[in-house]
Amino acid sequence: MNEPQEQQAPLRTASFWQTIRAVGWSFLGVRKNSEFQADIGRLNPFHIVVAGIVGAVIFVLSLIALVNWVVAK
């Protein structure tokens with residue numbers, strides 16, 4: 001009746017830097033499916049949201065700065 005439970009290695013969570021790196025590669029659209037599947041299990045969803053918002057804000061601000069620089073010339 002009691003089946004032996006399989007012991008699995010504890011899943012390591014990714015650091016915030018690894019999350020930023022994964023989100024950055026996702027912004028560019030160059031992610032291997034195997035890396036994406038591995039990241040699904042270890043990335044913290046809160047870190048993904050924060051890194052995505054920060055990345056989007058940096059992207060928009062850099063575009064605004066580029067346009068202002070080009071128009072000023």
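Readers should treat all values here as calculations from the given coordinates under stated rules, not as data from a laboratory. Predicted model, so just to flag it, every value in this text is computed and none were measured. Here the Cβ is made from the backbone with ideal geometry for all residues, glycine too, and neighbour counts use every protein chain on show.
Computed over segment 16-72, the Cα gyration tensor eigenvalues convert (square root of 5λ each) into semi-axes of 28, 13, 6 Å, ordered from largest to smallest. Simple spin-label estimate for N68 and V50 gives 2.7 nm between the two label positions (7 Å along the Cα-to-Cβ direction from each Cα).
For segment 34-51, backbone phi angles converted through the Karplus equation (6.51, -1.76, 1.60; θ = phi - 60°) give residue-by-residue couplings of 5, 5, 4, 5, 5, 6, 4, x, 10, 7, 7, x, 4, 5, 5, 5, 5, 5 Hz, Gly and Pro being listed as x.
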